Amino acid sequence: MEPPTPPDAIPDFLLEQFDGLSPATLRGTGEYARKETYVAPDEMPDSIKEAFALQDDETRAAIGDYVDELAAFLAEHDADSLQEITGDSSDDEESWGHQQILQWHE
């Protein structure tokens, strides 16, 4: 019952963002990452949209493939998000990226 392993090409700060997304949102995110659609899912955080603008085509393709695999894994286990399966809640902890920004501004 292990979730798919993300490729090294995907930055960690983006992986954190996928943990709380539903399978439907992940599938839409995959289409958006591969530029199959220019309309991002409503539930997709703006931070992901902004980060996609900075990624090269290879990274966006890796993201698309990974989120599709993750969506299929969640659907197979009838889960609404990866957080539901793993029990991890990033709401209680600051994300790595946020921690780095806070340290940088000290």
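Between rounded, prolate and oblate, where does the stretch 3-59 land on the alpha carbon gyration tensor, with a ≥ b ≥ c its root eigenvalues, rounded for a/c under 1.5, else prolate if a/b exceeds b/c? It comes out rounded by the Cα gyration axes. Looking at the square roots a ≥ b ≥ c of the eigenvalues of the Cα gyration tensor of the stretch 27-74, which shape do they give, rounded for a/c under 1.5, prolate if a/b is larger than b/c, or oblate? Because a/c hits 1.5 or more and a/b fails to exceed b/c, the stretch 27-74 counts as oblate. Rolling a 1.4 Å probe over the protein heavy atoms leaves TYR32 with an accessible area of roughly 40 Å². Qualifying GluC sites (Glu not before Pro) in the stretch 1-86, where qualification requires a DSSP coil assignment and no more than 11 other C-beta atoms within 10 Å, comprise GLU36.
The values are calculated or read from the model by the stated rules, or taken from the named source; none is laboratory data. These figures come from a predicted structure and were not determined experimentally. With ideal geometry, Cβ positions are generated from the backbone for all residues, glycine too; neighbour counts draw on all protein chains shown. Note: areas computed on protein heavy atoms with side chains; ligands, DNA, RNA excluded. Shrake-Rupley method; radii C 1.70, N 1.55, O 1.52, S 1.80 Å.
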